[in-house]
């Protein structure tokens, strides 16, 4: 029997509360279920030879480095799956702060690529899908306002602007409404991020409970039941 | 629908954090008994504290009110959470209540209310209120004997003075941490109650919001026993640093 914990992805515009939800889910798993999750990012620089291409492609995107960047993040995600996600899932949940959806939006906004085109390239390298992608949904004005209110956050003039963020959100919308075309996103669930943070966490927890992605409380020390 | 099989916990491998929490709880109990006479003498003198200007020792020493009077299920829940000592020792050793409410009691009330959000009557609600009320007493206990303690890093005696407001913040942090434990114990019994799950999420959020301020609070508290009380109670990245490095025993108590 292939025992494993879920691979959970959190997506959303800057300022929608991804970090807070990640911390909340971490504490929920550790405090209530007694399992410490592993948290990863969308890129983790595990394919060292690709690191320069990732930095350049992300911060200085242009037509000349587009394909190298896409190739680099595909390699990095593959390494993240092979070295972190897949080995850890028998022991703990893995929570990713952004994963595929953000990349689809980046290439749509910065390079005009269709989400399906970016997806096909990435999918060729990826061996596993998350069990769940939680998309924190919030109007662009509100998310930008929240993001700008945070201390210590670097604001990128070519990214953290209304026009760009609106297009990112449009890409999110276009993708999540066609889940069958993007199976490597796993189950996609939108969460209303206008609510207080504790309510967003509660909603995410309810999604996990409904999908039996958390252990039954009564079986905390027993486990091992098949859910599906 | 996703199909996966959640792994069983390997036999004989409870979370290490549980063991560290047990050690931290024991340290609190040990310190209370080690310093009880010293605390009683300070309370009997009713002198102003040399290092916490404005703090009223007689108010700090008051035992927590019997919030959960007659609620045996709330007391049982505190026991399930491993917090019987947390409630009983202040009830046993605290002084008679004069119904004076100090800043620390108000901080405890506010902390409980922020999590309970007007939920009342349930065992877990009473248990959270009781654990929060006890937080004010424990912080007060260590505040009274603080001037006899040592700095948490240097272990040098005579930590500097402290503003009572920092003690209020400490109560809030400790109350949230203990409330989280109570709610986890209640949820392990049953997670069917949506109000209970919502309260737990509020407790988690409170912990996340407090975490950025903890290093500054710990710097300000400075003294080892108060620092240990706060740092092992709050849910934050430094919670069990004391134990994670193989230390945590043999220090000045």
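Would you call residue B:11 at pLDDT below 90 and either buried (at least 18 other Cβ atoms within 10 Å of the Cβ) or assigned to a loop (DSSP other than H, G, I, E, B) (or both)? Yes; evaluated as a whole, the condition is true for this residue.
Considering each residue of the range B:110-123, count those that are at pLDDT below 95 and either surrounded by 20 or more Cβ atoms within 10 Å (Cβ to Cβ) or part of a helix (DSSP H, G or I) (or both), and give that number. Qualifying residue count for the region: 1.
With respect to residue B:195, determine if the residue is within 14 Å of another protein chain (Cβ to nearest Cβ), farther than 20 Å from residue B:235 by Cβ and either modelled with pLDDT of 95 or more or surrounded by 24 or more Cβ atoms within 10 Å (Cβ to Cβ) (or both). Spelling it out, residue B:195 is indeed within 14 Å of another protein chain (Cβ to nearest Cβ), farther than 20 Å from residue B:235 by Cβ and either modelled with pLDDT of 95 or more or surrounded by 24 or more Cβ atoms within 10 Å (Cβ to Cβ) (or both). Filtering the range A:39-52 to residues that are within 18 Å of the chain's Cα centre (by Cα) and away from chain B (no Cβ under 14 Å) leaves A:40, A:41, A:42, A:43, A:44, A:45, A:46.
Please verify whether the range B:222-240 includes one or more residues that are within 14 Å of another protein chain (Cβ to nearest Cβ) and part of a helix (DSSP H, G or I). No: the range B:222-240 contains no residue that is within 14 Å of another protein chain (Cβ to nearest Cβ) and part of a helix (DSSP H, G or I).
Tallying residues that are more than 9 Å from chain B (Cβ to nearest Cβ) and in a loop (DSSP other than H, G, I, E, B) within the range A:189-217 yields 3. If you check B:19, B:76, B:55 for being part of a helix (DSSP H, G or I) and touching a residue at least 40 places away in the same chain (Cβ under 8 Å), only one passes: B:76. Out of curiosity, is residue A:26 surrounded by fewer than 20 Cβ atoms within 10 Å (Cβ to Cβ) and within 19 Å of residue A:211 (Cα to Cα)? It is true that residue A:26 is surrounded by fewer than 20 Cβ atoms within 10 Å (Cβ to Cβ) and within 19 Å of residue A:211 (Cα to Cα). Taken across the range B:139-152, residues that are touching a helix residue (DSSP H, G or I) at 6+ places or on another chain (Cβ under 9 Å), within 14 Å of chain A (Cβ to nearest Cβ) and modelled with pLDDT of 95 or more do not occur at all. Per the listing B:182, B:171, the residue uniquely crowded, with 23+ Cβ neighbours inside 10 Å, more than 13 Å from chain A (Cβ to nearest Cβ) and either modelled with pLDDT under 95 or within 30 Å of residue A:29 (Cβ to Cβ) (or both) is B:171.
Checked against the criterion of being at pLDDT 90 or above, within 29 Å of residue B:7 (Cα to Cα) and touching a strand residue (DSSP E or B) at 6+ places or on another chain (Cβ under 8 Å), the candidates A:209, A:190 yield just one match: A:190. Of the residues contained in the range A:81-90, one or more are found to be loosely packed, with under 15 Cβ neighbours inside 10 Å, without any contact (Cβ under 8 Å) to a residue 40 or more places away in the chain and within 17 Å of residue A:126 (Cβ to Cβ).
Among residues of the range A:1-31 being touching a residue at least 40 places away in the same chain (Cβ under 8 Å) and at the interface with chain B (Cβ under 8 Å from one of its Cβ atoms), the one that is nearest to residue B:180 (Cα to Cα) is A:28. Would you mind stating whether residue A:56 is away from chain B (no Cβ under 14 Å), more than 22 Å from residue A:133 (Cβ to Cβ), surrounded by 16 or more Cβ atoms within 10 Å (Cβ to Cβ) and touching a helix residue (DSSP H, G or I) at 6+ places or on another chain (Cβ under 8 Å)? For residue A:56, the condition - away from chain B (no Cβ under 14 Å), more than 22 Å from residue A:133 (Cβ to Cβ), surrounded by 16 or more Cβ atoms within 10 Å (Cβ to Cβ) and touching a helix residue (DSSP H, G or I) at 6+ places or on another chain (Cβ under 8 Å) - is met.
Restricting attention to the range A:129-152, report how many residues are within 14 Å of another protein chain (Cβ to nearest Cβ) and surrounded by 13 or more Cβ atoms within 10 Å (Cβ to Cβ). Residues in the range A:129-152 being within 14 Å of another protein chain (Cβ to nearest Cβ) and surrounded by 13 or more Cβ atoms within 10 Å (Cβ to Cβ): 6 in total.
Of these, B:129, B:107, which one is assigned to a helix (DSSP H, G or I) and under 22 Å from residue B:227 (Cα atoms)?
The unique qualifying residue is B:107.
With respect to the conditions (1) part of a helix (DSSP H, G or I); (2) closer than 27 Å to residue A:28 by Cα; (3) more than 10 Å from chain A (Cβ to nearest Cβ), residue B:246 falls short on a single one, namely (1).
The values are calculated or read from the model by the stated rules, or taken from the named source; none is laboratory data. Computed from a predicted model, the values in this text were never measured in an experiment. Neighbour counts are summed over all protein chains in view; Cβ atoms, including those assigned to glycine, are modelled from backbone coordinates with ideal geometry.
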